[in-house]
Structures are given as structure tokens and as C-alpha cells.
Ligand SMILES: [Zn+2]
């Protein structure tokens, strides 16, 4: 093989590798842009839901004569429904000890028979 042909093949391989790297960089950039768009959307949704939550609480507090202490107590009760006092509400399937049907741990009562769930049967 001539030295000219060898150099030509080597140059083509370098060019192909550069093209693959450029394509990978472009894909990473596109993925990064999508993630940034998702984060911005989720941030706006959280702000919107926080505003609605605040408005609902103020309305309920006024109309039903509730207090912030009432809200705090209920928030602690809801927090403990998944068995972990961590300020989060994890949900998991829960088999009712009375009727045997499956409800969701977010609920206070069995959706089917109305049994009020106790904290110790979660988790
Ligand atoms: Zn039940």
C-alpha cells in the first residue's frame, strides 16, 4: 500500500472518530436541555401548587374556624400514615385487615369497608 493511501485511510478514520464524538456531544447537549426544561417546568408547578395550597388553607381556616395548630396536627398524622415521620407521604399498597382488599397507604380509611387504619399496620 502506498504511503499516500495509508495516510488517506488514517485521515478518514480520524475524521470518522471526530464525527462520532461531535454526535455524542450533540446528544448530551440535547439531553441536558431536556432536563433543564423539565426542572424549570417542575419548579413552576411546585410554585403554582404551593400558591393554591396556601389559598385553600386560608379559605378553610376562615370558613371552618380552623387554626394553624389544627393543620400542623393533621399534617403530622398524615406524615405518620406511611410509618415514617419524615415530612413525606410515601404510598404503598395496604391490605385491609378487616376485608382483605387492597387500598393505598395515603388514605386514612379502607376505601371498601371504611375501617380506619392505624399507624402500626403501615410499613
Ligand atoms: Zn377494608
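Each reported figure results from applying straightforward, stated rules to the coordinates on display, with no laboratory input. The model shown is predicted, which means the values in this text are computed figures rather than measured ones. Reconstructed Cβ throughout: ideal geometry from the backbone, glycine too, with neighbour counts over all protein chains shown.
Counting beta carbons within 10 Å around each of 86, 70 and listing the fewest first gives the order 86, 70. Cβ-to-Cβ counts within 10 Å put 9, 84 in ascending order as 9, 84, the fewest first.
Principal axis analysis of the Cα atoms in the chain yields extents of 90, 39, 23 Å, listed in decreasing size. Considering every alpha-carbon pair of the stretch 67-123, the percent of pairs per 5 Å bin, from zero through the bin containing the longest distance, is 4, 22, 29, 21, 14, 7, 2, 0. One Cα centroid belongs to the stretch 1-66, the other to the stretch 76-99; the line between them spans 34 Å. The angle between the Cα long axis of helix 68-79 and the longest principal axis of the Cα atoms of the chain comes to about 60 degrees, rounded to the nearest 10. In this simple spin-label approximation, residue 118 and residue 102 carry label points 7 Å from Cα along the Cα→Cβ vector, and these lie 2.5 nm apart. Between residue 79 and residue 61, the contour length at 0.36 nm per residue exceeds the alpha carbon distance by 4.4 nm. Once the Cβ-Cβ distance of residue 111 and residue 34 is raised to the sixth power relative to R0 = 35 Å, the FRET efficiency obtained is 0.40. Using the rule -39500 (n - 2.57) for each DSSP H run of four or more residues, divided by the residues of the chain, the 222 nm mean residue ellipticity is -22000 deg cm²/dmol.
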